[in-house]
Amino acid sequence: MSQKIDNTFEEIISFCKRRGFVYPSSEIYGGFSAVYDYGPYGVELKNAIQQTWWQNMVHEREEVVGLDSAIFMSPKVWEASGHVGGFSDPLAECKKCHTRSRVDHLLEDVGVFADEKMTEEEINKIFADNKDKIKCPKCNSSDFTEAKSFNLLVKSNLGNFTGDWDQEPTYLRGETCQGIYVNFKNILDSTRVKIPFGIAQVGKAFRNEITARQFIFRTREFEQMEFQYFVKPEDSDKEYKRWKKERWEFYVKELGLSEKNLKWHQHENLVFYAKDAWDIEFNFPFGFKELEGVHNRSDYDLTQHAKHSGCDLSYRDPQSGEKYTPWIVETSVGLNRMLLAVICDAYTKEKVDDGERIVLKLKKTLAPVKVAVFPLLKNKPELVAKAKELFDNLKTKWVCEFDDNGNVGKRYRRQDEIGTPYCVTVDFESLEDNAVTVRDRDTMRQERIKIDELEKYFEEKLTN
Ligand code: ATP
């Protein structure tokens, strides 16, 4: 019997680096704050999560299409969307250690919730009212500067050769969904979609985040998976309810997250255009925090872009001829944050007969390596040759790894840590009976399977 042991966030962070999932950026130069790189297993896991989302949101739905819009867009997009004027967070600096913090987060830590719409003056008032309770997360001091609004858009000098690019900057996109709104008409005109329909996109987004402490939870460069569903205004409540349900089911069924680690959180203070907004929160080692937002955005986005671009972004119902601006139900999640949730949910330390093992109990379809192939002994050429042949065959179907280092027990532990569902060992008997030992990650049970039947065996086990 195995028994689960508690773990800490620091342990998961160091595990991610040690086992090639996530590395701090530019580490040999002392690192680069709030940016991370994905190692060999990290990129496989990230791709598997992304593909699962794409399969579920695009390929399995007749009325949803995909898009890959550019990171750079006309600066006018960010004016229309309100990001140039209002995409900001309140920042205050600790007078003692000079650590900068987001004031809404400092307030949240003491149970006070700031409204996104509040002015600098209003934020400063509640900040002052609660100053005695608020502590700097680094040095515990309560002595802060006043809060100042800090715009999160990352500026660039693209196409600006005058050198005066601070005056007329271009931006790295702060969210991917703007690319969807500005292509709404292109998609209507070039495909056969009819309302209701959705557009999905995965891509990088950039934000000058003030505080970036929680590993890949909040970074300055990250990937979003965003989905905009265009509906008749009167259907928005019904569709909103449906998408809330769909997204919850995705986490439980497709990602295999434990339901006790998930909960809904309704926004207390809605931005003026939103009709309703809920977040799916995940129980990270530092508490329940936003994983994904599901929002009813009304007709705000298309109306804004129609106004600023002068382009008609309304929709004409092909049957009734009725013309209207569609409403949007949005689901928005960070791919990197989702990967962190998946790792935290799966990371398990347990006592086993011969000591302790770390095992990443990932849903099998998500595992970075699906099958590991071993020759029982490294120095027996006939075993190595047969194992190699098997590996060469299986690797055309699944991500496989060949390992002949150390003893089989050690190889099992290494594969358990990265979440490999199956290990296959070629031994002396295999040369006679053409069968191998297949060992299951979770039960640690072994069974003897004919090599001829292996493909079918894995097809059954590794398909959703
Ligand atoms: P917060 O208020 O925590 O800064 P937000 O509510 O502004 O976040 P959204 O703009 O709604 O976040 O972004 C949608 C999703 O994108 C979030 O639920 C999160 O999963 C992801 N996300 C946003 N910012 C970051 C970031 N800096 N790093 C990683 N993921 C992010």
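The values are calculated or read from the model by the stated rules, or taken from the named source; none is laboratory data. Since the structure is predicted, the reported quantities are computational estimates derived from the model, not experimental observations. Here the Cβ positions follow ideal geometry from the backbone for every residue, glycine too, while neighbour counts run over all protein chains shown. Accessible surface areas use protein heavy atoms only, side chains included; no ligands, DNA or RNA. Shrake-Rupley method; radii C 1.70, N 1.55, O 1.52, S 1.80 Å.
Figures for the structure shown
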quantity	calculated
Given (1) in the same structural domain as Phe230 (by TED's automatic domain parsing); (2) open to solvent by 40 Å² or more (accessible area, probe 1.4 Å), number of the condition Glu330 does not satisfy	(2)
Per-region count, the stretch 365-379, residues touching a residue at least 40 places away in the same chain (Cβ under 8 Å) and more than 12 Å from Cys423 (Cα to Cα)	4
Residues being under 20 Å from Pro368 (Cα atoms) and surrounded by fewer than 20 Cβ atoms within 10 Å (Cβ to Cβ) - total across the stretch 413-437	3
Top-ranked residue in the stretch 205-224 [being assigned to a loop (DSSP other than H, G, I, E, B) and among the polar types (S, T, N, Q); ranked as nearest to the ligand (Cβ to nearest atom)]	Thr219
Residue within the stretch 45-58 that is closer than 30 Å to Ile180 by Cβ, at pLDDT 95 or above, in the same structural domain as Thr219 (by TED's automatic domain parsing) and open to solvent by 70 Å² or more (accessible area, probe 1.4 Å) present	yes
Options Ile195, Ile187: the member that is among the β-branched types (Val, Ile, Thr), assigned to a loop (DSSP other than H, G, I, E, B) and more than 16 Å from the ligand (Cβ to nearest atom)	Ile195
Selection count where residues are modelled with pLDDT of 95 or more and surrounded by 16 or more Cβ atoms within 10 Å (Cβ to Cβ), scope the stretch 1-16	4
Subset of the stretch 286-327 [open to solvent by less than 20 Å² (accessible area, probe 1.4 Å) and either among the charged types (D, E, K, R) or within 13 Å of the ligand (Cβ to nearest atom) (or both)]	Leu291, Glu292, Gly293, Val294, Asp301
The stretch 328-351, residues that are among the acidic types (Asp, Glu) and either within 14 Å of the ligand (Cβ to nearest atom) or modelled with pLDDT under 95 (or both)	Glu330, Glu350
From Lys410, Lys378, Lys370, residue being surrounded by fewer than 20 Cβ atoms within 10 Å (Cβ to Cβ) and under 34 Å from the mean Cα position of the chain (by Cα)	Lys410
Residues satisfying the stated conditions in the stretch 147-165, i.e. more than 23 Å from Gln214 (Cα to Cα) and either surrounded by 14 or more Cβ atoms within 10 Å (Cβ to Cβ) or in contact with a strand residue (DSSP E or B) (Cβ under 7 Å, 6 or more places away or on another chain) (or both)	Lys155, Ser156, Asn157, Leu158, Gly159, Asn160, Trp165
Hey, Asp132 assigned to a loop (DSSP other than H, G, I, E, B), modelled with pLDDT under 90 and closer than 17 Å to Ser101 by Cα or not	yes
Criterion (out of contact with any Asp or Glu (no Cβ under 7 Å at 6 or more places or on another chain), open to solvent by less than 50 Å² (accessible area, probe 1.4 Å) and within 15 Å of the ligand (Cβ to nearest atom)) met by exactly one of Ser88, Ser69	Ser88
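Here is a yes/no grid of residues against (1) touching a Gly at 6+ places or on another chain (Cβ under 8 Å); (2) touching a residue at least 12 places away in the same chain (Cβ under 8 Å):
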| position | (1), (2) |
| --- | --- |
| Asn151 | no, yes |
| Phe161 | no, no |
| Gly174 | no, yes |
| Asn186 | no, no |
| Ser190 | no, no |
| Gln228 | yes, yes |
| Arg242 | no, no |
| Ser258 | no, yes |
| Lys263 | no, yes |
